[in-house]
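Undergrad: The structure that follows is given in the form of structure tokens.
The values are calculated or read from the model by the stated rules, or taken from the named source; none is laboratory data. Since this is a predicted model, take the numbers as computed values, not measurements. No Cβ is skipped: glycine too gets one built from the backbone with ideal geometry, and neighbour counts run over all protein chains shown. The area values use the complete protein model at the heavy-atom level, side chains included, leaving out ligands, DNA and RNA. Shrake-Rupley method; radii C 1.70, N 1.55, O 1.52, S 1.80 Å.
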Amino acid sequence: MDRSHYRKLLEADLARWLEKGWIGTEGAGHIRAELAAAPRAASRLPALFAGIGTICLALAVAAFVAANWEAIPRPAKLAGIAVLLLGAHGFAAAMAARGRTGIADLATMFATLVFVSGMSLVGQMYHLPVDWAGGALLVAAGALAAAWICGSRASLVAGAIAAITWLAWIGDPPRPTLAETTIALVLLALTAGHVLRRTSLAGRWIVLLQATSVYGWLFAALLEARYTLSSSDMEFAVLPAFAGLGAVLVAWARVLAARAEPLAGDTGEGAARLAGSADTYGLLLLAGTALLSLVLGFFDALDKGVAARELLSVWPLWLTLVLAVAGLAIMFARASGDQAAQALVAAVLLMLACPLALITAPEARVVLAALVLGAMVATSAAGSLGDNRGWSATGNLGIALALLFLLYVTVGSLLGQSVFFLVAGIVLVAVAIVAARRMRRQRAETVTGEPS
């Protein structure tokens, strides 16, 4: 639940509790004062504008040098880059020493952007051979070094983006060496470690995206090296792999979140917040793979022999699925009486089944469509039961996209279209009625003090 929504709910509760005499005016005043002292989303606007302004300043420097490329002597160009780098880092250190961490972070980000643009300028000056992958790796190393030395969150994001870009530029299809695999894992460990120490929303999401990229990169490399899949069959193998990763993130984030919260210090707080972000990120990844499975089920075809011989024998896929199911089992065992968690487990299992159904039974399109719609309904229900707007938005958007796609592919048969939507409407209305009655009964039992 986001802070603004929490404030509105708490304010409504305070007014009701005051009216019933459960709390006093003084206590309500203390609660409101503490809420007012907490930072609001609007207070982050100056930092956002300052960050955008810093990026514009770095771009202005690069554009000025490019516009006067012939007029500026080569030594002046090199000296200017060095002075800007040293000056920005020196200013960042001075601000950090005074406790102005926000300004120090912006200065470090400016230095990182100057470093990135300076690399391309130096390459042009000395006519160095083009090596996009090597350049991205050098940017990642420099940005992550600045992030760790200066504690910069913005530089961490730049370093993670460069690391992801490096993976994309290494080769297609990927054939990583031991050294490249080690570098990829080390870069991921550096970004994850920094996020645990100095957490931020952008940092948490970018490290999750980097982890997904490394996982997909290694998985695709394994398929390329050991299996005889065609390029068209490869996408069918990647779908269950990413669905399994999403399920692992959701399940184990929920399991580990309870252990991370009691930990003291910045690392404990960073671990708890990273688990919360992994929960939402994993659910979005699952929803995306489920919807893509639905699209491929209607527009593409998979050779059953290939599915039997190759896809279902890929051991990393089964390892991921075993980890996901184990996490979901622990999560369900701990969710006694927690209907939101139970609905979330059901949603994850249904979305996990979508790409597997596509592989094992590619002709059963009705079954695949039912699995996708059921998964999205369960996701929306989990969001409503747990008062989690992120889950609700994911489920509602997934339902809308799935229904629109099914409307598009069935437009040639009006009778089939009408029957499909009639059945879907009846099922959804029935689920809504049952859920509403159960929630009313639980509220009544809570008020009377009877066990639910």
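Undergrad: Mind counting the residues in region 155-173 that are open to solvent by 30 Å² or more (accessible area, probe 1.4 Å) and either modelled with pLDDT of 85 or more or among the hydrophobic types (A, V, I, L, M, F, W, C) (or both)?
TA: Number of matching residues: 8.
Undergrad: With farther than 24 Å from Leu249 by Cβ, surrounded by fewer than 18 Cβ atoms within 10 Å (Cβ to Cβ) and not β-branched (Val, Ile, Thr) as the only criterion, which of Ala202, Ala189, Ala145 stands out?
TA: Matching residue, one of Ala202, Ala189, Ala145: Ala145.
Undergrad: Check region 214-223 and report whether any residue there is part of a helix (DSSP H, G or I), modelled with pLDDT of 90 or more and under 30 Å from Thr54 (Cβ atoms).
TA: There is at least one residue in region 214-223 that is part of a helix (DSSP H, G or I), modelled with pLDDT of 90 or more and under 30 Å from Thr54 (Cβ atoms).
Undergrad: Need at least 1 residues that are modelled with pLDDT under 70, open to solvent by 40 Å² or more (accessible area, probe 1.4 Å) and more than 30 Å from Gly390 (Cβ to Cβ) per element, so show me which helices (runs of 4 or more DSSP H) inside region 1-119 make the cut, counting only ones lying wholly within it.
TA: Per the criteria, 45-67.
Undergrad: What are the residues in region 159-179 that are farther than 15 Å from Ala211 by Cα and part of a helix (DSSP H, G or I), if any?
TA: Matches in region 159-179: Trp169, Ile170, Leu178, Ala179.
Undergrad: (1) over 29 Å from Val314 (Cα atoms); (2) without any contact (Cβ under 8 Å) to a residue 40 or more places away in the chain: which one isn't true of Leu185, the others all being true?
TA: (1)
Undergrad: Within region 241-253, does at least one residue satisfy the condition of being at pLDDT below 85 and buried (at least 19 other Cβ atoms within 10 Å of the Cβ)?
TA: Looking through region 241-253, none of the residues is at pLDDT below 85 and buried (at least 19 other Cβ atoms within 10 Å of the Cβ).
Undergrad: Here is a further query. Go through the residues of region 331-340 one by one and say whether even a single one is modelled with pLDDT of 90 or more and open to solvent by less than 20 Å² (accessible area, probe 1.4 Å).
TA: no
Conditions tested, residue by residue: (1) at pLDDT 85 or above; (2) within 20 Å of the chain's Cα centre (by Cα); (3) part of a helix (DSSP H, G or I).
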site: Leu368; (1), (2), (3): yes, no, yes
site: Ser384; (1), (2), (3): no, no, yes
site: Ser392; (1), (2), (3): yes, yes, yes
site: Gly398; (1), (2), (3): yes, yes, yes
